[in-house]
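The values are calculated or read from the model by the stated rules, or taken from the named source; none is laboratory data. Note that the coordinates shown come from a computational prediction; the quantities given were computed from them, not determined experimentally. Don't worry about glycine lacking a Cβ; one is built from the backbone with ideal geometry, like all the others, and counts go over all protein chains shown.
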Amino acid sequence: MSQQKILSRPSVGAFMSKYGIVVIFVGLCIILSIMSPVFLSMRNITNVIRQVSIIGIVSMGVTFAIITTGIDLSSGSMIALISVVVATLSQNAMNPDQPVSIVMPIAIAVAISLLLGIILGAVNGTLTAFGKIPPFIATLGMMTVARGAAALYTRGRPVGDLKETFTFIGTGSIFGIPLPIWIYLAMGILAHILLSKTKFGRHVFAIGGNEQAARICGINVEKTLVKVYAFAGFLTAVSAILLTARTSAGNPTYGLSYELDAIASTVIGGTSLSGGVGSIPFCVIGALIIGVLNNGMDLMGVNAYWQQIAKGVIIVAAVLIDARKQKRG
């Protein structure tokens, strides 16, 4: 009997170590559904996922960066810059009151915005990989530059009067499900395949596990890092397009603190700040935990300031758990 207990304890511990975040998410949903009957309504669930989609997509790119022992602090400011750019390219007509106003097909406007995100991300990666600048500093610099460029581009003004074909991206539905949720799902599948099913993903984990060993194995570390940050930039651009389409406007103030929420989602999802460990599905669950927590507290009338405190406590707890795991390892 005692032998069975000894054998069962490690298995339970291993299960919680691997799937504890799922257990926490399910438990949180059960508690909130008991405290608020509205929580489990289809309308509320759809609303939560739609709200989470923007930060959730950004957090997938941040997951790639953190797995390589990097970080991306520029995503929020990049959202602002890409938002005003795509807005000026998606207006109904030339607007003399706007500092920049260009009318072009929506497909081209979206493509240019995605390309801009990739380029900005690649600059982050190049500064980190070839410039040997710590990711924290490189992306901090991009955060400041992108925010300033967004304000300069529009002289600090919002950009509106967008085409309905563009705003449909953020407000439309397919089969009764909001389009942002479909895009969130598509980006999640793409990121998961890249990270877990491709040679690129294996290289990302190898660099995070031991960069020197990765070099010895023949991995081009610099090229891989540029790809990582370029992909993160692409995902940030997707989020910027969704946010702009959903609000029917571009604004240089968009994205404030989004990078922190994205990092929080990633860390809560179990991605190790020490690198080498991470998962897109768990990253998605991490983002959903933040979204569900915020939504549940809103339904219960909890003060917004307490929501910030709760989020901070959860982030610190997640980091402490990760530190304990690393110590055991």
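Output the residue which, of all residues in region 151-177 that are of a type in the set (A, V, I, L, M) and more than 21 Å from residue 92 (Cα to Cα), is nearest to the chain's Cα centre (by Cα).
Filtering region 151-177 for residues of a type in the set (A, V, I, L, M) gives 151-152, 159, 162, 169, 174, 177.
With more than 21 Å from residue 92 (Cα to Cα) added as a condition, the list becomes 151-152, 174, 177.
Numbers: 151: 23, 152: 25, 174: 23, 177: 21 Å.
Checking each candidate, the answer is 177.
Pick out the one residue from 266, 247 that is at negative phi, surrounded by fewer than 24 Cβ atoms within 10 Å (Cβ to Cβ), out of contact with any Gly (no Cβ under 6 Å at 6 or more places or on another chain) and not hydrophobic (A, V, I, L, M, F, W, C).
Just one listed residue meets the conditions, 247.
Spot the failing condition for residue 202; the list is (1) touching a Cys at 6+ places or on another chain (Cβ under 9 Å); (2) more than 22 Å from residue 110 (Cβ to Cβ); (3) not polar (S, T, N, Q), and only one is missed.
The number of the failed condition is (1).
Is it true that some residue in region 244-257 is among the β-branched types (Val, Ile, Thr), in a helix (DSSP H, G or I), touching a residue at least 40 places away in the same chain (Cβ under 8 Å) and farther than 13 Å from residue 87 by Cα?
Checked against the condition, which is being among the β-branched types (Val, Ile, Thr), in a helix (DSSP H, G or I), touching a residue at least 40 places away in the same chain (Cβ under 8 Å) and farther than 13 Å from residue 87 by Cα, region 244-257 yields no hits at all.
Of everything in region 21-45, what is under 15 Å from residue 285 (Cα atoms) and touching a residue at least 12 places away in the same chain (Cβ under 8 Å)? Give them in sequence order.
Selection gives 21, 22, 24, 25, 28, 29.
Need the failing condition index for residue 259 against (1) on the phi < 0 side of the Ramachandran plot; (2) surrounded by fewer than 24 Cβ atoms within 10 Å (Cβ to Cβ), just the number.
Only one criterion in (1) on the phi < 0 side of the Ramachandran plot; (2) surrounded by fewer than 24 Cβ atoms within 10 Å (Cβ to Cβ) is unmet by residue 259, namely (2).
I'd like the full set of residues that are surrounded by fewer than 14 Cβ atoms within 10 Å (Cβ to Cβ) and modelled with pLDDT under 95, limited to region 176-195.
176, 177
Using beta carbons and a limit of 9 Å, which pairs, at least six apart or on different chains, have the first residue in region 302-316 and of a type in the set (Phe, Trp, Tyr) and the second one surrounded by 14 or more Cβ atoms within 10 Å (Cβ to Cβ) and at pLDDT 80 or above?
Going by the 9 Å Cβ cut-off, the qualifying pairs are 306/297.
Could you grab me the full set of residues in region 131-181 that are under 30 Å from residue 220 (Cα atoms), of a type outside the set (Ser, Thr, Tyr) and in contact with a helix residue (DSSP H, G or I) (Cβ under 6 Å, 6 or more places away or on another chain)?
133, 135, 138, 142, 143, 146
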